[in-house]
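Below you'll find the structure, written out as structure tokens, and then a few comments.
The values are calculated or read from the model by the stated rules, or taken from the named source; none is laboratory data. All figures in this text were calculated on a predicted structure; none of them were measured in a lab. Heads up, the Cβs are rebuilt from the backbone with ideal geometry, glycines too, and the neighbour counts pull from every protein chain shown. With ligands, DNA and RNA removed, areas are computed over all heavy atoms of the protein, side chains included. Shrake-Rupley method; radii C 1.70, N 1.55, O 1.52, S 1.80 Å.
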Amino acid sequence: MKKFILETSDKYPIAVTCFGENNATKKIIVISSAIGVKQTFYAKYATYLANKGYLVFTYDYRGIGDSKPKKLKDFEAHFTDWADKDFLGLTQYIEEFYPYHEKFLIGHSIGGIMIGLTRAYKVYDKIVTIGSQYGYIKNFHQKDKPKVNFFFRIAIPILSAFYGFFPSQKVGMGEPIPIGIAKDWRKLILNETSILGYADETQNLYDEITKPILIISLNDDFMATPKSVDLFAQLVLKNAKKKRLNIIPKEYGLDKIGHLDFFREKNKNEIWHIPLDYIEE
């Protein structure tokens, strides 16, 4: 395992970790994180992939984990920065130093949603999205709508205004996130056009994506319901060569998975192989 700092196009330093740097299979996997989730959360899965012969890269978006500034209050960052500076910067590094490697992407939640906000997607031979959804609030389960409404209509604007960033940890939603990211996230949930509306305001490359993509949902994921992931496949990735998979925990001998537990080591034997099976088929 090797850690290093990568400077993006706007000179921002992002923290990157490389696993399996001595592997000689000429195959790379990049893991792009969910909102407010540090790259260390994916370390065991990255190690698993490296042990299968892949060179694996994880990274922290600006404002998160080891890419966080000394002062998060009023730190400027948006989804377009995560996609078209941080993710693109790592992709360009990989292109430069590993031009002959096959390249694959595993995007978790926003890590998969944002692929059409940057031309970086063009570098990857296959893409796997896990829990990436068309996040409009009407696509949540009815029983979850009250807490989702509270979170996005009340908690985010009030706490963000008070702190100058959104303290996600106070509501059990991971790492604190920059105020601009919180506002962008709110747009995706409260606006009917979700990520497509956001992309139209910034950079929309979704219609250009024709790559092979495995689109995974977890049947018990309240943040990315199967319905919302179906809509992500149908409306957002409409021109991709899609394969759709809804994982029902009991069919894999599991009690629950939810939005995060796909990447937890306790589920290693049951489901960790699924992205690799697709990448290698």
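Structure notes:
- Sparse-neighbourhood loop sites, GluC sites (Glu not before Pro) in the stretch 162-217 - DSSP loop, at most 12 other Cβ within 10 angstrom: 192
- Here the Gaussian network model covers the chain, with springs between Cα atoms less than 10 Å apart; of 111, 89, 197, 197 fluctuates the most.
- Using C-alpha pairs under 8 Å with a sequence gap of at least 6, the mean separation divided by the residue count of the chain gives a relative contact order of 18 percent.
- Convex hull of the chain built on C-alpha atoms - directionally averaged projected area, nm²: 13.7
- Per-residue extension of 0.36 nm, minus the Cα-Cα distance of residue 255 and residue 203, leaves a gain of 14.7 nm for this segment.
- Tensor-based shape of the stretch 7-53 (alpha-carbon gyration tensor, a/c under 1.5 rounded, otherwise prolate or oblate): oblate
- Here the extension length gained between residue 74 and residue 246 equals 58.1 nm, from 0.36 nm per residue of separation less the Cα-Cα distance.
- Gain on full stretching of the segment that runs from residue 24 to residue 96 - 0.36 nm per residue minus C-alpha separation: 24.2 nm
- Calculated mean residue ellipticity at 222 nm for the chain: -7000 deg cm²/dmol, from DSSP H runs with n ≥ 4 weighted as -39500 (n - 2.57), summed, divided by the residue count and rounded to 500.
- Rg and Dmax of the stretch 8-117, both derived from C-alpha coordinates alone, stand at 13.6, 43 Å.
- Gap separating the Cα centres of the stretch 82-140 and the stretch 229-281, nearest whole Å: 16
- Accessible area per residue, Å², the chain with all protein chains present, probe 1.4 Å: 43
- For the chain, the carbon plus sulfur part of the accessible surface works out to 50%, probe radius 1.4 Å.
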